[in-house]
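Please read the structure below before turning to the comments.
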Amino acid sequence: MQEETNKRCVRRHFEELWNGGETEKAGEFFDSSFMNFGEQHQDGIALVKRIVAVWRTAFPDLHFTVETMVAEGDLVMCEVSLSGTHLGEFPLIPPLQGPSLAPNGKKFQIKHIHRFRLKDGKIVEHFAARDDLGMFQQLGHLGALRRERKPNV
């Protein structure tokens, strides 16, 4: 029973929060002590709202499709496809680092693997293996992410 409830929460978070942009529902899916990529945040719900807003501003047609989902105990793992069109400014936020990327109208489609840990029906921890390189390649932004190297003296 717990596994099915947890899977339903994760699936709804992709559908309503990410695909639908309903950031006011973040508290239905996330605990305020939410940890993202191993980093504890003071107000996890505000963090989630900010992350979703940044991504949906940059990619208004952002869409997650859950391909596979499994649950065991308090963990939910899923493989998702993610697609979008770069139509808005994309300030890189952790775990991404670099300059803000100007919109260029290009599309991307990639896969992610996400791991969620839930407590009392809410997400308390998230980690993902994402194809950021593939996304930046498809969007034509790899050059913007190169760091300038100082010449050896």
Alpha carbons only, please: Rg and Dmax for the range 5-82, in angstrom. 12.4, 35
Which residue, PHE30, GLN109, GLN138, has the largest displacement toward the positive end of the dipole of the chain when charges sit on each Cβ (Lys, Arg +1; Asp, Glu -1)? GLN138
Take the solvent-accessible surface of the protein heavy atoms, probe 1.4 Å, and return the percent of it on the chain that carbon and sulfur atoms account for. 50 percent
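What full-extension length gain, to one decimal in nm, is calculated for GLU24 and ASP74 as 0.36 nm per residue of separation minus the Cα-Cα distance? Please list the in-between numbers first.
On the way: separation 50, 0.36 × 50 = 18.00 nm, distance 2.44 nm.
Contour length minus the Cα-Cα distance gives 15.6 nm.
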Tell me which lysines have Cα within less than 26 Å of LYS107's Cα, excluding those fewer than 8 residues away on the same chain? LYS49
Leaving out ligands and nucleic acids, note down the accessible area per residue over the chain with a 1.4 angstrom probe, in whole Å². 56 Å²
Per the rule of 0.36 nm per residue minus the C-alpha distance, extending ASP120 to GLN42 adds in nm 26.2 nm
Computed from the coordinates I sent, Cα Rg over 2.2 N^0.38 Å equals one of (1) 1.06; (2) 1.10; (3) 1.01. Tell me the label. (2)
Simple SL model, points at 7 angstrom along Cα→Cβ for ALA53 and LYS106; separation in nm is 2.8 nm
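Once whole DSSP H runs in the chain are found, which of them have Cα atoms spread over 20 Å or more along the helix axis and a mean Kyte-Doolittle score of at least 0.0? Display every interim value, and only then the final one.
Details: long enough: 44-58 (21 Å, 1.06).
Both cut-offs are met by 44-58.
The values are calculated or read from the model by the stated rules, or taken from the named source; none is laboratory data. Bear in mind the structure is a predicted one, so any value in this text is a computation, not a measurement. Every residue, glycine as well, gets a Cβ built from its backbone with ideal geometry; the counts of neighbours run over all protein chains shown. Surface accessibility is based on the protein's heavy atoms, side chains included, excluding ligands, DNA and RNA. Shrake-Rupley method; radii C 1.70, N 1.55, O 1.52, S 1.80 Å.
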